[in-house]
Amino acid sequence: MIRIYHVGKVLHPRHVFRISRASRPQVDNVFLVLEQDGVLGYGEASPNSFFKEDFFDVNMRLAGLHDYFRRQTLSGPGDIGRIWNEIWERVAPSRATQCAVDVALWDLHSKLAGESATESATGAAAHAVPTSATLGICPREEWPERIGEVAGFPAVKVKLDAQVDMDLLQAIRARTPAAIRVDANGAWGGLDIADISARLEALGVEFIEQPLPPGEDARMEAILRVSRLPIFADESCAGPDDVARLPGRFSGFNIKLVKCGGITPALAMLREGKRLGLKVMVGCMLESSLLIAAGAVVAQGADYADLDGSWLLRDDPFRGLKMVQGRIEPNFAPGLGVNPEPPRD
Ligand SMILES: [Mg+2]
């Protein structure tokens with residue numbers, strides 16, 4: 001029998017989930033702990049207002065699964081996919097809720113099997129995953145400090161609004177040889193993207209993410225034809241059903257576990273993207289190292305990773321994920337390989 005052991009904003013009252021190096025002072029993620037045979041599996045969701053989700057909504061939907069889980073037993077990975085499908089009618093339209101359940105089930109299943117979640121989910125031992133670090137939009141006087149924070153990473157993902165500040169890119173290039181990727185967050189609808197892409201290419205930028213809002217995907221065919229750089233979908237690609245309509249409009253896409261509903265659909269998206277010849281990136285929201293460790297499982301087979309969510313936290317409630325010079329080190333511990341930090345006195 002699976003039991004919901006805990007669901008809530010914190011793993012312990014003395015854990016405060018705080019953000020540093022980011023504009024928001026605090027983020028309210030939801031943690032789920034499932035138990036079977038005395039073993040605990042940890043799950044997490046980072047509810048996103050873009051998908052009209054918040055802490056209260058996800059927390060309520062998870063708490064509504066107590067009776068469902070009491071009738072379940074986890075005896076193999078097939079049960080994870082079955083449960084993922086079965087709970088949808090109870091938790092729709094919240095993919096974040098589904099994500100917390102799916103991640104907790106993979107952690108629990110692989111701990112019960114005595115192997116790492118990567119071995120359970122992919123059949124192979126984990127390898128290191130290099131990740132980009134995100135540089136948000138900030139005042140010019142903060143550039144030296146903010147660029148200094150990300151300069152040691154193998155790649156920097158720069159958020160650029162409709163101003164497309166080329167000075168910022170030049171300042172980054174002067175400071176680090178890191179790969180530079182640009183995320184427009186849908187802000188470039190009124191701009192000449194052919195021209196911008198040529199100027200970004202001259203600065204050595206690797207690719208552009210989500211230049212237009214997702215409602216304008218029909219314009220992407222013409223834009224992709226004239227762009228000098230590959231273009232990745234983020235908000236235009238939430239779950240497995242979105243991947244098939246990307247070829248011709250985007251060069252690749254950004255998988256986030258909380259957008260699609262966890263490791264299970266993310267692996268399906270990865271397979272489908274590869275089959276269609278698309279590039280695949282695994283990204284994240286502001287998340288503890290639990291959800292980053294889950295993202296790293298999927299990133300084993302991806303082309304790029306943008307898994308800096310827990311690096312941005314001042315108070316990560318989990319321990320065990322090692323990041324060395326912007327590389328998430330392989331973790332061979334059972335499950336996702338992270339455990340709650342003991343509460344402080
Ligand atoms: Mg993005």
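One residue stands out in segment 207-229 among those that are surrounded by fewer than 18 Cβ atoms within 10 Å (Cβ to Cβ) and within 15 Å of the ligand (Cβ to nearest atom): the one that is nearest to G190 (Cα to Cα), namely P213. For segment 307-324, the criterion of being more than 22 Å from L32 (Cα to Cα), of a type outside the set (S, T, Y) and surrounded by 24 or more Cβ atoms within 10 Å (Cβ to Cβ) is met by none of the residues.
Does segment 67-82 contain at least one residue that is among the basic types (K, R) and within 19 Å of the chain's Cα centre (by Cα)?
Step one: of segment 67-82, the residues among the basic types (K, R) are 70-71, 82.
Checking which are within 19 Å of the chain's Cα centre (by Cα) leaves us with none.
Scanning segment 67-82 turns up no residue that is among the basic types (K, R) and within 19 Å of the chain's Cα centre (by Cα).
Whenever a residue of segment 78-89 is under 14 Å from I263 (Cβ atoms), its partners that are acidic (D, E), lying with C-beta atoms within less than 8 angstrom and at least six residues away or across chains, give the pairs I80/D102; W84/D102.
Of the strands (runs of 3 or more DSSP E) lying entirely inside segment 154-263, those containing at least 3 residues that are touching a residue at least 24 places away in the same chain (Cβ under 8 Å) and closer than 18 Å to D308 by Cβ span 155-159, 179-183, 205-209, 252-256. In the condition set (1) part of a helix (DSSP H, G or I); (2) β-branched (V, I, T); (3) touching an Asp or Glu at 6+ places or on another chain (Cβ under 8 Å), V298 is compliant with all but (3). Among the residues of segment 155-182, those that are within 13 Å of the ligand (Cβ to nearest atom), charged (D, E, K, R) and in contact with a Gly (Cβ under 9 Å, 6 or more places away or on another chain) comprise K157, K159. Taking segment 9-38 as the range and being on the phi > 0 side of the Ramachandran plot, of a type outside the set (D, E) and modelled with pLDDT of 80 or more as the test, only G38 passes.
Which residue, of A121, A125, A104, A96, is touching a residue at least 12 places away in the same chain (Cβ under 8 Å), of a type outside the set (D, E, K, R) and over 26 Å from A238 (Cα atoms)?
Working: A121 fails: over 26 Å from A238 (Cα atoms); A104 fails: over 26 Å from A238 (Cα atoms); A96 fails: over 26 Å from A238 (Cα atoms).
One residue alone meets the criteria, A125.
Restricting attention to segment 137-153 and to residues that are touching a strand residue (DSSP E or B) at 6+ places or on another chain (Cβ under 7 Å) and assigned to a loop (DSSP other than H, G, I, E, B), the residue that is nearest to L312 (Cα to Cα) turns out to be F153.
The values are calculated or read from the model by the stated rules, or taken from the named source; none is laboratory data. Since the model is a prediction, treat every value here as computed from it, not as a measurement. Because the Cβ atoms are built from the backbone with ideal geometry, glycine has one as well, and the counts that use them run over all protein chains shown.
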